[in-house]
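Structure, as structure tokens:
Every number here is computed from the coordinates shown, using simple stated rules; none is lab data. Only a predicted model underlies this, so the values are computations on that prediction, with no experimental measurement involved. Because the Cβ atoms are built from the backbone with ideal geometry, glycine has one as well, and the counts that use them run over all protein chains shown.
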Amino acid sequence: MRRPLPHPVSALVLALALGSGSLVAAPAPQLDRATLAVHRAQQPQRIIQAQAHFASLRAQFGLGEGDAFVARHAFTNPEGEAIVRLEQTHDGHRVWGGQAVAHVLPEGGIRTITTSVRTSVALQGEPQLSGDRALRIALAHLAPKGPMKDAPQVERVVFPAQFLGGLASKLDGTGRPVLDRSMSVTAKLDAPYVWAYEVRTRLHNREDGTKELTYLIDGNTGKILRIQDMVQHLEPAQGSGTGFYRGAVTLNTTLANDGTYLLMDTTRGTRTNQFVSGYQADPSATGWSPDIPALQVWFHQNDSDGNYTWMDGLFQTPVGVTTWGDGLPFTAWGQEGGINGQTVGVDAMSAMTTTWDFYKNIFGRDGMDGQGTAVAANVLNNFASPSWDSRDNASWSTWGQYIDLGAGSYPANPKGFQSMADLDVIAHEMTHGVTNPSQSHYWVNSAGYEEAGLNEAVSDFFAQMVKAYSTRTPGEDSVIPDTDGADWQIGKNVGHGTPLRWLDKPSLDERSVDGWFDGIKYMDGHFSAGPLNRAFYFLANGASSTPGSASYSPYLPGGMTGIGNDAAARIIYKAITEFLVGDGTGTITFQRVREACEQAAWYKGYYSEGTPAVRNAFAAANIGDAHNQTTPRTQVRFADFRHDDYIESTHFSDYSTRQVFPKGETVVPRITVLNNSNTAVTWSLGGPSMFNGADQNISKGGVINADGSWTTPNVMAWHSITATSQADPKQFAEGRVFLIGMDTDMDGEVDALDMAGVSVSWYLWGALNPAHSVFEAPLVDDDDVAFFVDAMKSTWPVK
Amino acid sequence: MRKLSLLLSSLLLGWTLACGGGSNTPSSTPLIPAKGLVYTDPTGTGWRLVKDASSTGTRIVLNLVGPSGLKTRGAGFNLQAPTTVRFGKFVTDDRVTTGLPILDTGVYSLLNHDPRDLGHEPIPNDPLEPRLLAGGVKKGNLLTVGIFQKDRYQSAKESGQALCRIALEFDPAVGLNAGDKLGLVITKSGYLAEDIGELTVHPTLEKTEKGRLVPMPIAVGTLSAN
Ligand SMILES: [Zn+2]
């Protein structure tokens, strides 16, 4: 029961293609409005049908009377199918990461996606800890210095051990990955399911900055099992109005009771926004209230030096004034609500309405969450601390359905950005709301998961589509045009000419990669997005057959023809909303994305022998084979992580952490070469995830031999090694490990006697010797004990 | 301690030569393929590796026993064996210690939950709590094992008993002959003394000095194939 995959998506694709041969020739037709309305009207019955269907399948998943599937969200797609997302429960408690999707077909059948169903759920007894105790454990870890933004939420859940967290990394100031101990999990579990509490916390104050962390706390031992950062950032940490970017635009605003106008659009959104719920209503003057559902733009109130006051305001013009903004870069610190600040508000509101309308008119989607919840933006964030810089960043809050937009540090910082309130940045963030609509329905966005790359790529792609849509011929609102509006770049304007990312050739940013490889999950999602961004680009635009061209791929040297923006967007949208429904576990791989897109393409009439575009687009990004390719591609992979002598992934852990090795010792990784009789590899130090700014060599530590045995460098840090196929040098794998200091007695030899140092310093107020901590940290605690023992086990296993 | 290991190494060399010489010389007894191992305990009352009753003809289990009356807080050693014999692992009923080449005999206190919670409601015991019990087999068939108490507040334990266990296994594939000697050499060893300084949480120079391992010789018996 470690990785229950009773019905993988690939099997589903196959079933459709083979089992419904006649349908391949005639994909489901687009329905007229009246027919679609009939199907929508039947959605409530179809939800009940879906629940009943999964109840009838329980035995097949090893589930019993105590297990249920509860519908949480549903919509009717353009083919008239009800797409129902159900959450799995056990004895009335949510099974964390457990869900099912049913497609209730108009003709009566039900197609199911069961990759996220957790099988044979069984637990003993009741949790020994109270929810309150779990909350206090989470808060002790969070250690807030200021007040909570709102009360934390605690929910008792069933936690599957396969989703136990592991080591976490973050990028330091130079872009180098370093261990993030505060987000790392070292606990172990020895049962497939345990009682746990999910504790959702939110901080937004002067002392702590803005944080949204969700904890999973073991209901019996109080151990932290997983920590999830729920904020989606644009850029990994480093860091008739007139808009600056948008120029003259018309805006929907709201006339307030006192004759002023508010930058608030009540024509979009039918449910209130959570972010503004914390602000007090203003019944006596404007009449503004958090209970009014509306798109709205707020600003961070800074002082005249640009320091955030931790107060926010809604943009407002004086009585009778209906023009907003001066079109100039923002400089009026302390006067954020004035005409200069309004310029940023105009950019934001215009971009938000464009994105909102794009999803409504193209896909019939009601708001980001599909349920009409209004979106808010909070612009001119100028908060910067040594550990976090909000100025050149943008983020999406899943909880609050709001966008936080940096003020930009340019031109004071020549390498910084201008105001972050540009269309592609905002469309990117709002797309995170489409793919992450709720606290139980989201894609993981942290390094360690391929899914993080999916999360970012989908946002980057739809940002292009929104830009193309914004340049459509007036009145042609239901088609995404193939215009130059999509420049296939992210952030060219905020970067005053230099984009953050390129979709056509992601490696132009010198961080991202153009093709998939085993180990890509170690990268930050913004950079691991590269291959998917490229595949999406190829699908819409095609790939060149001319080496040297930006759209040439060595993985598809013959090139391909694209199917256009509109078709590509519809395929990808269908794939992400119907087949790749997020369950928060991070288990979606790029291969699964390909399978989902193939399946969606079939519906849209693009899946036949004559139109192999989806297969080729993904193949061109090294995600699977090309259409009609007869010999499968060579693949290089680090050995199965359940063996003793592997370099392991952080996640999907088999209850233990095994990617820890001693520094300065010789370890032997193992590699597998698939689909090629020549299994020889060339070993090298470092790997694509170990980018380190100008100094590429810091992470290339130690000595690696022809047989792959690796004498690790004497540096406590993340390090990578790469194995490249000699038969096909385009194929390689990166293995990443964290090296710790274990020679506590400093006799030049790591052995079990070194555990004595850990023993005598354990929980002193400062180690007796810095070498006693495997992390070279002042305090020696159970993390040191666990890491020491794990590293011994993985380095010198007993055969 | 270093002198001791050198001495033992020379002894081993002597044995090996004698053994090798013996096999090359025509002998009245023909070579008989070995079917197992036999271990004879060392003499003496100091630190020693003594055969445990759970041993079988093909798996020799050895107890680390210390001098009676000596109180310690843990011990570790490195043991070099010829590549013609395998170090065995122990299967236990918990995931933390199973598969290790060392077995906890229950003398030392290995568990102690996070002291940050002292003074508050205690957290129930975690069956998977990290323990300072580990080992491995390094290149060249060098066993390294250790067992240490996690908290200085726990009392030191009487050492004149089985403190931990290791195992040596017969490998039928290597072609040992009955009577072949298998030299075992302790290359490093040490124990953590009872006195590790005052019981406060502040690091001091005194604690640094007293927190070091005390080297000790470990007497090893003779292992041979039979
Ligand atoms: Zn993003």
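Structure above, values below:
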quantity	calculated
Backbone N under 14 Å from the A:W310 label point (7 Å along Cα→Cβ), restricted to the stretch A:130-157	A:144-150
Members of A:K700/B:K210; A:K188/B:K157; A:K223/A:K360; B:K51/B:K71 lying beyond 32 Å, as alpha-carbon distances in this model show	A:K700/B:K210; A:K223/A:K360
Stretchable slack from B:K181 to B:E209, in nm (0.36 nm times residue separation minus alpha-carbon distance)	6.0 nm
Exposure proxy order (Cβ contacts within 10 Å, fewest to most) of A:E429, A:E107	A:E107, A:E429
In nm, spacing of pseudo-spin labels at A:R111 and A:H496 (7 Å Cα→C-beta vector)	5.1 nm
As computed over the stretch A:131-229, the Cα convex hull volume per residue (Å³)	93 Å³
Label-to-label distance, nm, for residues given as A:E776 and B:L199 (7 Å Cα→Cβ offset)	3.5 nm
Contact order relative to length of the stretch A:131-229, as percent, for alpha carbon pairs under 8 angstrom and 6 or more apart	32 percent
Cross-link reach list, lysines versus A:K730, counting only Cα pairs under 17 Å and skipping chain neighbours closer than eight places	A:K505
Amide H within-cut-off set for A:L500, under 5 Å, with H built and near neighbours excluded	A:I490, A:G491, A:K492
Gyration tensor (alpha-carbon) shape descriptor, the stretch A:446-627, a/c threshold 1.5	rounded
Three-way shape call for the stretch A:324-394 based on the alpha-carbon gyration tensor, with the a/c threshold at 1.5	oblate
Point-to-point label distance, A:S130-A:Q726, nm (Cα→Cβ direction, 7 Å offset)	6.6 nm
All aspartates and glutamates inside 19 Å of A:K415 as judged from Cα atoms, apart from same-chain residues fewer than 8 positions distant	A:D172, A:E235, A:D389, A:D392, A:D509, A:E510, A:D695
33 Å tail of the calculated P(r), the stretch A:232-442, as % of Cα pairs	8 percent
Binned Cα-Cα distance frequencies in the stretch A:266-378 - 5 Å width, integer %	2, 11, 19, 21, 20, 15, 9, 3, 1
Rounded, prolate or oblate (a/c below 1.5 giving rounded, otherwise prolate when a/b exceeds b/c) for chain A by Cα gyration tensor	rounded
Average beta carbon contacts from partner chains per residue of A:185-195, 10 Å cutoff	2
In order through the stretch A:700-717: 3J(HN,Hα) via Karplus (6.51 cos²θ - 1.76 cosθ + 1.60), integer Hz, x for Gly, Pro	8, x, x, 10, 10, 9, 4, 8, x, 5, 10, 8, 5, x, 8, 9, 6, 4
